[in-house]
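Inspection log for the structure reproduced underneath, given as structure tokens.
The values are calculated or read from the model by the stated rules, or taken from the named source; none is laboratory data. Note that this is a predicted model, so its numbers are computed, not measured. Glycine also receives a Cβ, built like all others from the backbone with ideal geometry; neighbour counts cover every protein chain displayed.
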Amino acid sequence: MIPSKPSLAAMAATLAAGLLAASAAPAQILGPPSAQVQQPAAGTRATEPLQTLRALGLTPIAPLTRDEDHLETEARAADGRRLSVSFDLAGRLWEIEDADHDADRVAEWRDLEPAAVERVVSAAGFTFRRIVEEKPRHVVARAATREGDEVVLHVDRNGYIYKQTWLRS
């Protein structure tokens, strides 16, 4: 008996199920994770900045402008946060920062032990690598996104990740 080939409809159903499963993970934008589920961060490698913003579930609220070494815009997250978003000149996502974060309103000095930083970073969905630097108002940590991109995270003394920068070679 010769095994039958899968029908086109069966292959399409399998592909659709795989795509739905892949889109279930929330986007990884700063932290801690919001209660709302956002779109997957598949666009972080796109070369079209507006496509990248849409893939991350962000809405542009300012025109894209060019600086000497990067492109930048402001966007609004699904949870209402206003974000400053930068791209390199090739259009790849470079940095996301909470535009409303006020460093002066963060505790001047509250010890954030390495284990606490690791918990905050892991709870936001990143893979913690190490603490790079400890500053008076925040800690800089190296981590990886779910997609495997290496990033640097700025974590304030209250445990909020307010800046995320992609590392590129």
Tally time: how many residues in the range 34-70 are of a type outside the set (Ser, Thr, Tyr), under 22 Å from TYR160 (Cβ atoms), surrounded by fewer than 19 Cβ atoms within 10 Å (Cβ to Cβ) and at pLDDT 90 or above? 1
Name the single residue, out of those in the range 136-169 being within 28 Å of ALA90 (Cβ to Cβ) and of a type in the set (Phe, Trp, Tyr), that is farthest from the chain's Cα centre (by Cα). TYR162
Residue that is modelled with the highest pLDDT [pool: residues in the range 129-141 that are buried (at least 18 other Cβ atoms within 10 Å of the Cβ) and in contact with a Leu (Cβ under 8 Å, 6 or more places away or on another chain)]: ALA141
Show the residue pairs meeting these rules: Cβ distance below 7 Å; 6+ apart or different chains; first residue within the range 141-169 and within 17 Å of GLU113 (Cα to Cα); second residue hydroxyl-bearing (Ser, Thr, Tyr) and surrounded by 20 or more Cβ atoms within 10 Å (Cβ to Cβ). HIS154/TYR162; ASP156/TYR162
Taking only the range 50-76 into account, find how many residues are outside any strand (DSSP E or B) and closer than 14 Å to ALA99 by Cα. 3
Filter the range 127-141 for residues that are assigned to a strand (DSSP E or B) and touching a helix residue (DSSP H, G or I) at 6+ places or on another chain (Cβ under 7 Å) and give the result. PHE128, ILE131, VAL139, ALA141
Taking the stated definitions as given, is ALA55 without any contact (Cβ under 8 Å) to a residue 60 or more places away in the chain, in contact with a Gly (Cβ under 8 Å, 6 or more places away or on another chain) and over 29 Å from ARG137 (Cβ atoms)? yes
